[in-house]
Amino acid sequence: MSRSLSPRATAAAPRWPGRLRSLAFGGDYNPEQWPEDVWVEDVRLMREAGVSMVSVGIFSWALLEPTEGEYDFAWLDRVLELLHDAGILVDLATPTAAPPAWFSRAYPESLPVTAEGVTLGIGARESFCPSSVDYRRAAVRIASALADRYSDHPALALWHVHNEYGAHVGPCYCTASTQAFRGWLRERYGTLDALNDAWGTSFWGQSYGDWEEITAPRRAPMPVNPAQQLDFRRFSSAEYLECYRLERDVLRELSPDVPVTTNFMATACPHIDYWHWADEVDVVTNDHYLIAEDPENHVHLAMTADLCRGLARGRSWLLLEHSTGAVNWQPRNLAKAPGEMRRNSLAHVARGSDGAMFFQWRASRSGAEKFHSAMLPHAGTDSRIWREVVELGADVGALAELQGTRVRADVAIVWDWEAWWGLELEFLPTVDLDYQERIRAYYETLWHGKVAVDFVSRDADLSGYRLVVAPSLYIVPGPVTRNLTEYVEGGGRLVVSFFSGLVDESDTIPPGPHPGGLRDLLGITIEEFHPLAAGDRVGVDGGLRADVWSERVVLRGATALRRFVDGPDAGEPAVTRHDVGAGSAWYVATRLDRHGLADVLEPALAGVEPLDVPAEVEGVRREGYLFLINHGDAEAVVAASGHDLLEGSEHDGEVAIPAGGVRVLRT
Ligand code: GAL
């Protein structure tokens, strides 16, 4: 049986675009939406703004291959030449996220199908099934044609395969996908007996006697077998990965010196398990968009950037898209305040991005994204956004020496796409379980505590961390139990939250009391879950408040650090600690608010040095450099010394950061 654990941190060395001698600054460039005289102006303005690289051709398949097998590269030749003449590098995309209308007409079976059996139409983008052999063949063909033509082009710095795999379709439930799923299952389980056993198909009489009986988990009268659903999500992520690999391999063959990437949506795509993708790209790249109405969206930004660094195994990565101002797809698309774009961009750089790029260069006049902000807005160059873009270009230019430097942290949070999938299954003890909510609660607590955080996979080497936090780590297969146990025995501190360690990778509860995957390590068992009614809260020793979850924890070697003061488990353990080997494993049996989490984490953080900066200042150390980002509306003062790369000034002992401002010190 093949395992679905994430690959360990054994990545090959990343390959940064060798032609890029500075940090990347630029954005998606869609010249095909404009007449040629505009291109000349574009390139002139790109130079004015300090643009070093643009992503070209992302959705231009229909223009590059107007009919099957017939190509028109003339316009792209001229675009690349113009950019090259201006010294601007190109992140050249394969356009396979937007199959042309002729393709969908010729191969209607390539259209994606939803769980309800609805075939999705065309006229937008992403209308393809990742298992379609026709799609894969056509995608590889256009990628090869591009590589044939441009692999030696002097402007080519990076290949950009596709765009955000799995973004808006996710799993496809068509006939081809179903067939491919059966093949994937055969490989994983070998025999039907093994599959029936892993899926527990004796429940509700679901046993399969023939591989052909197995379907994609389409909408059914009741929840489809959860193990089948988890496998289908693993399969779907793997199918998209295979599409990426097919394109990447032809690009690598034809241009071995040019690195290849595909842009991730690290915290925003539930359909892709990026731990399995991270080592397949030469550079981890990511797209991040603020949720405009979230007052703590800068903390979410920091979390996403830290996750990207985790995917890059601690090395630098690249922010390939974010926005200069409002997006167009949220309920209320609030504009960014003056200075906010700069803080956002530099916060990504602080956390390991070797550049700051945008969607998109010039605002579109037509189409679904015409109200999306751009580097060059509809208002033109006499606009606040343009002025800020030009200033940011100078800032990013001044940070060139940071390329490749690292961020280090003593604390890690385990991020696990499978746990996220598990918490999205039906028929759980409460509908209030939310994977990202818990991850974010712990992350925000540490962010506000000024503690640097890495994100790691559940089977990563944890030995370098003083503290590892595993929120809602629902699925804990045997090797993960061993990994966490080894970490604690070796002297690590592990904090696990409720609803963790409950099932194995087949969504099966190990024999005996919960949490089967972690009970020995945590030194507890759980006798009964007591989820709370909507809006109900419980108290925990020390004046802490919690909601959503309570449970009857039985001590089996652990000691109770705090107890519930009321609710269904009044007087019973709420936070426990179990000393194991040279370390300790802690358990938090309820959903504490941030204040409560800060209290509980404080002793677990012993020996971890927080950065000494005021509450509204985000401070990040990037190997030899200190970023200070003031999110407040008053000047803040920090004790630090060094040369400010943005202002060119020297600071000896004290740095004042203006309201909303940023300082980057070489320390
Ligand atoms: C991204 C996508 C871009 C554009 C952008 C709008 O997810 O890659 O092509 O659609 O969203 O915010």
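The values are calculated or read from the model by the stated rules, or taken from the named source; none is laboratory data. Since we're looking at a predicted model, the values are computed, not measured. Quick reminder, even Gly has a Cβ in these numbers, built from the backbone with ideal geometry, and neighbours come from all protein chains shown. In case anyone asks, the SASA skips ligands and DNA or RNA and just uses the protein heavy atoms, side chains included. Shrake-Rupley method; radii C 1.70, N 1.55, O 1.52, S 1.80 Å.
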Checking S472 against (1) open to solvent by 10 Å² or more (accessible area, probe 1.4 Å); (2) assigned to a loop (DSSP other than H, G, I, E, B); (3) touching a residue at least 12 places away in the same chain (Cβ under 8 Å): exactly one of these is not met. Which one?
(1)
Considering only the stretch 329-370, state which residues are closer than 20 Å to S55 by Cα and open to solvent by 20 Å² or more (accessible area, probe 1.4 Å).
R362, R365, S366, G367, A368, E369, K370
So which of R552, R563, R577 is closer than 15 Å to P515 by Cβ and open to solvent by 10 Å² or more (accessible area, probe 1.4 Å)?
R552
Within the stretch 241-269, residues within 16 Å of the ligand (Cβ to nearest atom) and either modelled with pLDDT under 95 or open to solvent by less than 60 Å² (accessible area, probe 1.4 Å) (or both) come out as Y244, T261, T262, N263, F264, M265, A266, T267, C269
I'm trying to understand the selection: among the residues of the stretch 330-354, which are hydrophobic (A, V, I, L, M, F, W, C) and not in a loop (DSSP other than H, G, I, E, B)?
M341, L346, A347, V349, A350
Any idea which of (1) open to solvent by 10 Å² or more (accessible area, probe 1.4 Å); (2) within 16 Å of the ligand (Cβ to nearest atom) is the one A374 doesn't satisfy?
(1)
Inspect the stretch 170-185 for any residue being within 16 Å of the ligand (Cβ to nearest atom) and buried (at least 18 other Cβ atoms within 10 Å of the Cβ) and give the result as yes or no.
yes
For residues in the stretch 288-304 being within 16 Å of the ligand (Cβ to nearest atom) and aliphatic (A, V, I, L, M), which is surrounded by the most Cβ atoms within 10 Å (Cβ to Cβ)?
L301
Does E618 satisfy the criteria of being surrounded by 14 or more Cβ atoms within 10 Å (Cβ to Cβ), within 30 Å of A400 (Cβ to Cβ), in contact (Cβ under 8 Å) with a residue 24 or more places away in the chain and among the acidic types (D, E)?
yes
Would you check if there is a residue in the stretch 383-401 being farther than 23 Å from I88 by Cα and either within 16 Å of the ligand (Cβ to nearest atom) or assigned to a strand (DSSP E or B) (or both)?
no
Across (1) within 16 Å of the ligand (Cβ to nearest atom); (2) closer than 28 Å to G464 by Cβ; (3) of a type outside the set (A, V, I, L, M, F, W, C), S323 clears everything bar (2)
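Results for (1) more than 26 Å from the chain's Cα centre (by Cα); (2) of a type in the set (S, T, N, Q), shown as yes or no for each residue.
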| position | (1), (2) |
| --- | --- |
| G170 | no, no |
| T175 | yes, yes |
| R182 | yes, no |
| L185 | yes, no |
| G190 | yes, no |
| A198 | yes, no |
| F203 | yes, no |
| S207 | yes, yes |
Scope the stretch 528-555; condition assigned to a loop (DSSP other than H, G, I, E, B) and out of contact with any helix residue (DSSP H, G or I) (no Cβ under 7 Å at 6 or more places or on another chain); matching residues:
H530, P531, L532, A533, A534, G535, D536, D541, G543, V548, W549, S550
Take the conditions more than 25 Å from L645 (Cα to Cα), at pLDDT 95 or above, within 14 Å of the chain's Cα centre (by Cα) and within 15 Å of the ligand (Cβ to nearest atom) and apply them to I272. Does it pass?
yes
What are the pairs with Cβ atoms under 8 angstrom where one residue, in the stretch 347-368, is more than 19 Å from W386 (Cβ to Cβ) and in contact (Cβ under 8 Å) with a residue 12 or more places away in the chain and the other, located anywhere, is part of a loop (DSSP other than H, G, I, E, B) and basic (K, R)? Sequence gap at least six, or different chains.
G352/R315; G352/R406
